[in-house]
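Asker: The following block contains the structure, expressed as structure tokens.
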């Protein structure tokens, strides 16, 4: 994929010729070969086209080399994710779930450490030491399993919260990252489920 730029038909042909020669011969053509292929009167005409392609960011040229042309590898546009904002999640005490879709955002996939399935808006400040602030949108990948120490979205007795998961031998604890809050101990008789794992966040200024 090339950068968005307008090339004349002749320069488009020259670029294609360079690509073809590299693919077939493993090396770029010389100015003399470009001049011969396109019927130019001199190599200076070919050089003008090469300079234009260089300025367009499509090739690079190493000085004082007969075959110093190199194609510039350009990154594709970042892939966008369309993610629903499903509601809010507590960074404090658990709050009731809000599963209505409030919004849909298009975000760069590179924003997240893993691909999320949806976004939740944070309410509260219990996770501030992990950089999760009130009002942030957190990306969540749906999962019913999580490793010890992962940040998770959990459902406890029908209410939803975001915390760090601590797995004991016979007990789960949901750990805040703010000394003003106490860990939430999950008792055996409580309805507890991991809803998903934290993938990253979006902060709207």
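Each value in this text was obtained by applying a stated rule to the coordinates, not by laboratory testing. These numbers come from a predicted model, not from an experiment. FYI the Cβ positions are ideal-geometry reconstructions off the backbone, even for glycines, and counts take in every protein chain you see.
Asker: For helix 43-55, report the angle its Cα long axis makes with the longest principal axis of the Cα atoms of the chain; keep it between 0 and 90° and round to the nearest 10°.
Answerer: Once rounded, the angle reads 10 degrees.
Asker: If one takes the longest principal axis of the Cα atoms in the chain, at what angle in degrees, from 0 to 90 and to the nearest 10, does the Cα axis of helix 9-25 lie?
Answerer: 80
Asker: So how do 143, 113 line up by other beta-carbon neighbours within 10 Å, fewest first? All intermediate terms of the calculation are to be shown ahead of the outcome.
Answerer: On the way: 143 15, 113 12.
Result, fewest neighbours first: 113, 143.
Asker: Between residue 180 and residue 80, what is the label-point separation in nm under the 7 Å Cα-to-beta-carbon projection?
Answerer: So the label points at residue 80 and residue 180 sit 3.8 nm apart.
Asker: On to the next question. Please work out the FRET efficiency for the pair residue 103 and residue 192, using the Cβ-Cβ distance as r and a Förster radius of 30 Å; give the result to the nearest 0.05.
Answerer: Calculated value: 0.55.
Asker: Sticking with this structure for a sec: Can you classify region 9-71 as rounded, prolate or oblate using the Cα gyration tensor, where a ≥ b ≥ c are the square roots of its eigenvalues, rounded means a/c under 1.5, and otherwise it's prolate if a/b beats b/c and oblate if not?
Answerer: rounded
Asker: Under a point spin-label approximation (7 Å from Cα along Cα-to-Cβ), what is the residue 133-residue 43 distance to one decimal in nm?
Answerer: 5.9
Asker: Under a GNM of the chain (C-alpha, springs under 10 Å), which listed residue has the highest mean-square fluctuation: 162, 128, 59?
Answerer: Top of the fluctuation ranking is 59.
Asker: If you count the DSSP beta bridges with both ends in the chain, what percent of them are antiparallel, to the nearest 5?
Answerer: On the way: 38 of 44 bridges.
Of the beta bridges lying entirely in the chain, close to 85 percent run antiparallel.
Asker: Roughly speaking, what is the stretch gain from residue 166 to residue 72, that is 0.36 nm per residue apart minus the C-alpha to C-alpha distance, in nm to one decimal? Write out the running numbers ahead of the final one.
Answerer: Working: separation 94, 0.36 × 94 = 33.84 nm, distance 4.82 nm.
Once the chain is fully extended between residue 166 and residue 72, it gains 29.0 nm.
Asker: Could you please rank 120, 105, placing first whichever residue has the fewest other Cβ atoms within 10 Å of its Cβ?
Answerer: 105, 120
Asker: Right, another one. Just want the ordering: 40, 192, from fewest to most Cβ atoms lying within 10 Å of their own Cβ.
Answerer: Fewest-to-most ranking of 40, 192: 192, 40.
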